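Working notes for the structure below.
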Amino acid sequence: MIPPLSFAQESDSSEPVPDYEISHEIRLKGVVDEVKDRICPITGGMEWHLMLKTQNKIYEVHIAPIKFAKMYEAAVHKGDTIEIVGLKIKFHHLDGILAREIKDGDHEFLFRDEKGKPFW
């Protein structure tokens, strides 16, 4: 079971936080090029991100607040081949993905419910 946590999801930019539209979800496979904790340009909080290299592009994947990811014991590593279910977005003119689910081999991590609402 995923622990209920409460983290604010507000952007520090004038660009609005993208809504998660479940009907526009995509599924991508790729290789993790980089894993990083950083201030998220979308929410303004410290979040866990990764760079996913697909056949055609590199996407910044916005996953979850660091505290949530650590409590959930979610982990992926550079070089892992993973599959992501999420919403493709453009934020500050950059391609990105809001992750709902990440599959890494036998491990499956869920970050949003079936309607796209974050678990944190």
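The values are calculated or read from the model by the stated rules, or taken from the named source; none is laboratory data. It should be emphasised that the depicted structure is a prediction, and the values quoted were computed from it without experimental measurement. Accessible surface is based on the protein model in full, side chains and every heavy atom, while ligands, DNA and RNA are left aside. Shrake-Rupley method; radii C 1.70, N 1.55, O 1.52, S 1.80 Å.
Extension gain, Glu108-Ile26: 0.36 nm per intervening residue step, less the Cα-Cα distance, totals 27.9 nm.
A probe of 1.4 angstrom, applied to the heavy atoms of all protein chains, finds Thr81 with accessible area near 100 square angstrom. Rg over Rh for the stretch 40-114 works out to 0.93, both radii taken from alpha-carbon positions and Rh defined as the Kirkwood radius. Per-residue accessible area (protein heavy atoms, 1.4 Å probe) orders Glu73, Glu21, Glu15 as Glu73, Glu21, Glu15, starting from the largest. Computed extension gain for Asp19 through Lys78, at 0.36 nm per residue and net of the alpha carbon distance, reaches 18.4 nm.
If both residues of a DSSP beta bridge must be in the chain, then about 90% of such bridges are antiparallel. Annotation: amide H of Arg100 within the under-5 Å range of Val85, Gly86, Leu87, sequence separation 5 or more or interchain, hydrogens built in the peptide plane. Solvent-accessible surface (1.4 Å probe) assigned to Lys36 amounts to roughly 50 Å².
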